[in-house]
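Visitor: First the structure, which I've put down as structure tokens, then a few questions once you've had a look.
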Amino acid sequence: MAQSIAAENRRFRKALYEPVISLYHYNGCGFFDGGCLLLADALVQWSDGELKLGAIDRVSNKSESGGDHWFVSMDVAGKTFLLDANGLKFPAPYRRYFEREEVQEPCVFLENPQHNPESEVPRDAAFSKILCDQLFTALGAYPLWKADIARVFETDLSLAPSAMYGCW
């Protein structure tokens, strides 16, 4: 029996366990205080550029920091998902979570975001490469992982069509 999307998200987060520990020691940050961009860059590398960089920013943010939080977007079975250290989510539940839990104010998605080099959010190509290698070791090649996700997604929808509206 195929795993669920929730199980795949747990597997993805488990693959990041060791890099999270390394991230704190190496850069002094985690995935929610700067490491999100390091992970997003690693995901883009892992996918050979198929995954697209995105950011979410508070509506009130006038600093032009380039985003409060970074993620990647991917298409699976004709649907767009956002992927970060928490796993895959549809855009609407992702935005609701971020507005309610992270910044507690309205947010916008930034398309083709530009990273401000003076931003508090660090960018480090060497560490992103380490994360990319960890993803490959733990989850295999991106095309194979994406195919697994597509199979699970199709199975989930065939078993429970309402599952696609949840926040995974």
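Visitor: What is the one condition in (1) in a loop (DSSP other than H, G, I, E, B); (2) under 14 Å from the mean Cα position of the chain (by Cα); (3) modelled with pLDDT of 75 or more that Asp48 does not satisfy?
Guide: That leaves (2) as the condition not met.
Visitor: What's the total number of residues in segment 24-45 that are more than 18 Å from Ser73 (Cα to Cα) and modelled with pLDDT under 65?
Guide: Going through segment 24-45, the residues more than 18 Å from Ser73 (Cα to Cα) turn out to be 24-30, 33-34.
With modelled with pLDDT under 65 added as a condition, the list becomes 24-30, 33.
Count: 8.
Visitor: Are there any pairs with C-beta distances below 8 angstrom linking a residue in segment 92-109 that is in contact (Cβ under 8 Å) with a residue 60 or more places away in the chain to a residue that is aromatic (Phe, Trp, Tyr), with the two at least 6 apart or on different chains, and if so which?
Guide: Every condition considered, the pairs that remain are Tyr94/Phe71; Glu102/Phe32.
Visitor: Looking at Phe71 and the list (1) outside any loop (DSSP other than H, G, I, E, B); (2) more than 27 Å from Leu139 (Cα to Cα), which single condition is not satisfied?
Guide: So the condition that Phe71 fails would be (2).
Visitor: So, one more: I'm told Val59 meets every condition in (1) under 18 Å from Trp145 (Cα atoms); (2) of a type in the set (Val, Ile, Thr); (3) exposed (fewer than 15 other Cβ atoms within 10 Å of the Cβ) except one. Can you identify the failing condition by its number?
Guide: (1)
Visitor: Another question, if that's okay. Of everything in segment 99-111 that's modelled with pLDDT of 85 or more and assigned to a helix (DSSP H, G or I), which residue is surrounded by the fewest Cβ atoms within 10 Å (Cβ to Cβ)?
Guide: Glu101
Visitor: Can you pull out the residues in segment 140-168 that are modelled with pLDDT of 90 or more and in contact with a helix residue (DSSP H, G or I) (Cβ under 8 Å, 6 or more places away or on another chain)?
Guide: Tyr142, Trp145
Visitor: Then there's this: Take the residues in segment 112-151 that are hydroxyl-bearing (Ser, Thr, Tyr) and touching a Ser or Thr at 6+ places or on another chain (Cβ under 7 Å), then tell me which one is surrounded by the most Cβ atoms within 10 Å (Cβ to Cβ).
Guide: Taking segment 112-151 and keeping what is hydroxyl-bearing (Ser, Thr, Tyr), we get 119, 128, 137, 142.
Retained after the next criterion (residues that are touching a Ser or Thr at 6+ places or on another chain (Cβ under 7 Å)): 119, 142.
On the way: Ser119: 15, Tyr142: 19.
Among those residues, the one meeting the criterion is Tyr142.
The values are calculated or read from the model by the stated rules, or taken from the named source; none is laboratory data. Note that the structure is a prediction, hence the values are computed from the model and not measured. Reconstructed Cβ throughout: ideal geometry from the backbone, glycine too, with neighbour counts over all protein chains shown.
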